[in-house]
Amino acid sequence: PVVGGRRSGGVRTCRNVVAPEQPASVDRKNLEWTPGSWREMPVRQVPDYPDKEKLEDVEEQIRRVLPLVFSGEVERLKSQLAKAAAGKHFVLQGGDCAESFEEFEKYGGDNIRDTFTLLIQMSIAMMYGLKKPVVKIGRMAGQFAKPRSSPMEKAKNQELELPSYRGDMINGPEFTLEARVPDPDRMIRALNQSTATINLLRALASGGYLDLHKVHDINLQFVNGTPQGQQFLDYANNITNAIAFMGSCGLPTDSPDVRQAEFYVSHEALLLPYEEAMTRYDKNTGKHYATSGHFIWLGDRTRQPNGAHVEFLRGIANPIGIKCGPTLSRDDLLELLEILDPNNEPGRITLINRVGAGKVWDHLPRHIETIKEEGRNVLWVCDAMHGNTESSPSGYKTRRFENVLSEVKEFFEVHKAMGTYPGGIHLEMTGQNVTECVGGMMELDHEDLFQRYESQCDPRLNASQALELAFLVSEMMTK
Ligand code: PEP
Ligand code: MN
């Protein structure tokens, strides 16, 4: 069997794993959309697989698997997002920067359950403060492929350069040339892990695990005894009392809403051969859906209006996100909306702003103006992570809790000033008690990062930091 690609002349050369951008761009007006029409457009960040035969074989296998998500759920999420855009709901989107094969084996599902539990706790804290339903979306069950700023990377304190790690779905994190060769079989493994993950999430969301009657039980061990854990218990007591009061007034407290959670999954639509193979036509709606996740987003590095990723997304009916980094221009934003949402469909577009603390006032107001002028219907979400990554003196990639919080604060301030609705937050976080971001009530320091740094990619808020943020957001929103 071929493992890790072909050798050229017996010697494996250290090559860039990403295909060079194709020069001539196609005029989209003459291009009929199909799940594979993206192949006509210049593509970034998608690996150039050395073993093309194996790639085709894997694509064929994936075309034949059952969908992970179904059109009814996807349309339902779109209607929830439309409500969030209209100011009636709030969105909480969170999970790993990148899911990993290693964590999945190591934790046997505990990490998935814990992140799910944490998202539910955060949503309860936020619902209680906001008095609005919170739409819960995991960066889970498909969040494997990573865009990278540089095609090559050096190991810590080493001179040797290798092709960058691009997520477990593409290549391996180990610092060897062998591991960095893109391997199509990794798509199958990621798909199997996603299937198991969504199965567990569905069980957790519907299995009575979530019963608001038992809100006290929804707790994670290590936030017990912390100030946030105590605050959550206070909220939980209030919720229990409110439900008891409703019951004593003769109001129904047994509706499914109290006992189950709606939970959705999302990921960046980066690895187009996989996304194409997971696309299915739905006879009932007459539309194509990406069945790899309910919500998928366009990354900040792949949002060229004339690029392959935009071409793929324009033809699928799922709700989609657009990451809006500091370089997003007015023209590009308008063109993207024209291509991706020609009918201005409510719930279709979520603009995920990610510019960094201290910079929200520099960028967000102009985008809000543009949207207002054009009468566009979008949901505004704040990704408070990706503009706030820095290197710690200890050599780790980290983020400061205070910067994450500031970015959210500025996001709320701008919307307040402009009379628009800040509809949600997007976080990299885990239910595990990792040490990847500094700060927070537990005052994690740069020197503490080595203790439990597990992310292969970006640093995540740990459970206590994430819960603290949820309480602070809840407070901010009620002011
Ligand atoms: C991400 O969400 O993990 C990511 C890479 O984001 P962005 O495209 O905004 O940099
Ligand atoms: Mn990330």
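The values are calculated or read from the model by the stated rules, or taken from the named source; none is laboratory data. Predicted, not measured: the structure shown is a model, and the values here were computed from it. Quick reminder, even Gly has a Cβ in these numbers, built from the backbone with ideal geometry, and neighbours come from all protein chains shown.
Residue by residue through region 144-168, note down the ones that are of a type outside the set (Gly, Ala, Ser), within 25 Å of Phe104 (Cβ to Cβ), away from ligand 2 (no atom under 16 Å from the Cβ) and out of contact with any Gly (no Cβ under 9 Å at 6 or more places or on another chain). Let's see the steps before the verdict.
Residues of region 144-168 that are of a type outside the set (Gly, Ala, Ser), as a first pass: 144, 146-148, 151-154, 156-163, 165-166, 168.
With within 25 Å of Phe104 (Cβ to Cβ) added as a condition, the list becomes 144, 146-148, 153, 156, 162-163, 165-166, 168.
After this cut, where a residue has to be away from ligand 2 (no atom under 16 Å from the Cβ) as well, the list is 156, 162-163.
Within region 144-168, Leu162, Pro163 qualify.
How many of the residues making up region 264-319 are in contact (Cβ under 8 Å) with a residue 24 or more places away in the chain, part of a loop (DSSP other than H, G, I, E, B), farther than 26 Å from Asp51 by Cβ and not polar (S, T, N, Q)?
8
List every residue pair whose Cβ atoms lie under 6 Å apart, where the two residues are 6 or more positions apart in sequence or sit on different chains, the first residue falls within region 379-392 and is free of Cβ contacts under 8 Å to residues at least 60 places away in the same chain, and the second residue, located anywhere, is assigned to a loop (DSSP other than H, G, I, E, B).
Final answer for the pair search is Asn388/Gly356; Asn388/Ala357; Asn388/Arg399.
Matching residues to (1) within 16 Å of ligand 1 (Cβ to nearest atom); (2) part of a loop (DSSP other than H, G, I, E, B); (3) in contact (Cβ under 8 Å) with a residue 12 or more places away in the chain; (4) touching a Leu at 6+ places or on another chain (Cβ under 8 Å):
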{"site": "Glu402", "(1), (2), (3), (4)": "no, no, yes, no"}
{"site": "Glu407", "(1), (2), (3), (4)": "yes, no, yes, no"}
{"site": "Phe411", "(1), (2), (3), (4)": "yes, no, yes, yes"}
{"site": "Val434", "(1), (2), (3), (4)": "no, yes, yes, no"}
{"site": "Met442", "(1), (2), (3), (4)": "no, yes, yes, no"}
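For region 362-377, indicate whether the set of residues that are surrounded by 23 or more Cβ atoms within 10 Å (Cβ to Cβ) and either under 22 Å from Ile322 (Cβ atoms) or away from ligand 1 (no atom under 16 Å from the Cβ) (or both) is non-empty.
Yes: region 362-377 contains one or more residues that are surrounded by 23 or more Cβ atoms within 10 Å (Cβ to Cβ) and either under 22 Å from Ile322 (Cβ atoms) or away from ligand 1 (no atom under 16 Å from the Cβ) (or both).
Of the conditions (1) within 15 Å of ligand 1 (Cβ to nearest atom); (2) of a type in the set (Val, Ile, Thr); (3) in contact with a helix residue (DSSP H, G or I) (Cβ under 9 Å, 6 or more places away or on another chain), Ile316 clears all except one; give me its number.
Condition not satisfied by Ile316: (1).
Can you find a residue in region 247-254 that is surrounded by fewer than 21 Cβ atoms within 10 Å (Cβ to Cβ), of a type in the set (Ser, Thr, Tyr) and either closer than 30 Å to Met126 by Cα or at pLDDT below 85 (or both)?
The answer is yes, given that some residue of region 247-254 is surrounded by fewer than 21 Cβ atoms within 10 Å (Cβ to Cβ), of a type in the set (Ser, Thr, Tyr) and either closer than 30 Å to Met126 by Cα or at pLDDT below 85 (or both).
If you check Phe101 against the conditions, is it surrounded by 21 or more Cβ atoms within 10 Å (Cβ to Cβ) and of a type in the set (Phe, Trp, Tyr)? Step through it out loud before you land on a result.
Values: surrounded by 21 or more Cβ atoms within 10 Å (Cβ to Cβ): no; of a type in the set (Phe, Trp, Tyr): yes.
Answer is no for this residue.
Scan region 444-465 for residues that are of a type in the set (Gly, Ala, Ser) and within 16 Å of ligand 1 (Cβ to nearest atom) and report the count.
Residues meeting the conditions: 1.
Quick one: count up the residues across region 79-103 that are at positive phi and either part of a loop (DSSP other than H, G, I, E, B) or away from ligand 2 (no atom under 15 Å from the Cβ) (or both).
Number satisfying all stated conditions: 1.
Of the residues Lys106, Lys156, Lys136, which single one is under 13 Å from the mean Cα position of the chain (by Cα) and either more than 16 Å from ligand 1 (Cβ to nearest atom) or assigned to a helix (DSSP H, G or I) (or both)?
Lys136
Looking at region 235-248, I want the residues that are in a helix (DSSP H, G or I) and have a partner that is polar (S, T, N, Q) with Cβ atoms under 7 Å, at least 6 apart or on another chain. Which pairs are those?
Ile243/Thr253; Met246/Thr253; Gly247/Thr253
Restricting attention to region 380-400, and to residues there that are within 16 Å of ligand 1 (Cβ to nearest atom) and part of a strand (DSSP E or B), which single residue is farthest from Met441 (Cα to Cα)?
The residue in question is Trp380.
For Met187, state whether it is at pLDDT 95 or above, under 24 Å from the mean Cα position of the chain (by Cα) and not β-branched (Val, Ile, Thr).
So Met187 fits the description; yes.
Residues that are within 16 Å of ligand 2 (Cβ to nearest atom) and touching a Pro at 6+ places or on another chain (Cβ under 6 Å): does region 379-392 have at least one?
The answer is no; no qualifying residue exists.
Spot the failing condition for Thr430; the list is (1) polar (S, T, N, Q); (2) within 24 Å of Val265 (Cα to Cα); (3) touching a Ser or Thr at 6+ places or on another chain (Cβ under 6 Å); (4) more than 16 Å from ligand 2 (Cβ to nearest atom), and only one is missed.
The single condition Thr430 does not satisfy is (4).
Looking at this structure, is Gly94 closer than 26 Å to Asn238 by Cβ, within 16 Å of ligand 1 (Cβ to nearest atom) and surrounded by 19 or more Cβ atoms within 10 Å (Cβ to Cβ)? Spell out how you get there, then give the answer.
Details: closer than 26 Å to Asn238 by Cβ: yes; within 16 Å of ligand 1 (Cβ to nearest atom): yes; surrounded by 19 or more Cβ atoms within 10 Å (Cβ to Cβ): yes.
Yes; evaluated as a whole, the condition is true for this residue.
Could you tell me whether Thr430 is within 21 Å of the chain's Cα centre (by Cα) and either more than 28 Å from Glu99 (Cα to Cα) or within 16 Å of ligand 1 (Cβ to nearest atom) (or both)? Spell out the reasoning first.
Numbers: within 21 Å of the chain's Cα centre (by Cα): yes; either more than 28 Å from Glu99 (Cα to Cα) or within 16 Å of ligand 1 (Cβ to nearest atom) (or both): yes.
Here the answer is yes, as Thr430 does meet what is asked.
Within the bounds of region 203-223, is there any residue that is closer than 30 Å to Pro151 by Cβ and part of a loop (DSSP other than H, G, I, E, B)?
Filtering region 203-223 for residues closer than 30 Å to Pro151 by Cβ gives none.
Checking region 203-223: not a single residue is closer than 30 Å to Pro151 by Cβ and part of a loop (DSSP other than H, G, I, E, B).
With respect to the numbered conditions (1) more than 17 Å from the chain's Cα centre (by Cα); (2) under 25 Å from Asp234 (Cβ atoms); (3) surrounded by 14 or more Cβ atoms within 10 Å (Cβ to Cβ), which one is the sole condition not fulfilled by Lys131?
Going through (1) more than 17 Å from the chain's Cα centre (by Cα); (2) under 25 Å from Asp234 (Cβ atoms); (3) surrounded by 14 or more Cβ atoms within 10 Å (Cβ to Cβ) one by one, Lys131 breaks only (3).
Could you tell me whether region 60-69 includes any residue that is out of contact with any Cys (no Cβ under 7 Å at 6 or more places or on another chain), aliphatic (A, V, I, L, M), surrounded by 15 or more Cβ atoms within 10 Å (Cβ to Cβ) and in a helix (DSSP H, G or I)?
yes
Go through the residues of region 145-158 one by one and say whether even a single one is in contact (Cβ under 8 Å) with a residue 60 or more places away in the chain, more than 30 Å from Asn241 (Cβ to Cβ) and crowded, with 22+ Cβ neighbours inside 10 Å. Break it down into steps so the answer makes sense when it comes.
Filtering region 145-158 down to residues in contact (Cβ under 8 Å) with a residue 60 or more places away in the chain leaves 145-149, 151-152, 156-157.
Subset that is more than 30 Å from Asn241 (Cβ to Cβ): 145-149, 151-152, 156-157.
This time we only want the ones that are crowded, with 22+ Cβ neighbours inside 10 Å, so: 145-146.
Within region 145-158 (the criterion being in contact (Cβ under 8 Å) with a residue 60 or more places away in the chain, more than 30 Å from Asn241 (Cβ to Cβ) and crowded, with 22+ Cβ neighbours inside 10 Å), the answer is yes, since at least one residue qualifies.
Restricting to region 436-470, name every residue that is away from ligand 2 (no atom under 16 Å from the Cβ) and surrounded by fewer than 21 Cβ atoms within 10 Å (Cβ to Cβ).
Gly439, Met441, Met442, Glu443, Asp445, His446, Glu447, Asp448, Phe450, Gln451, Arg452
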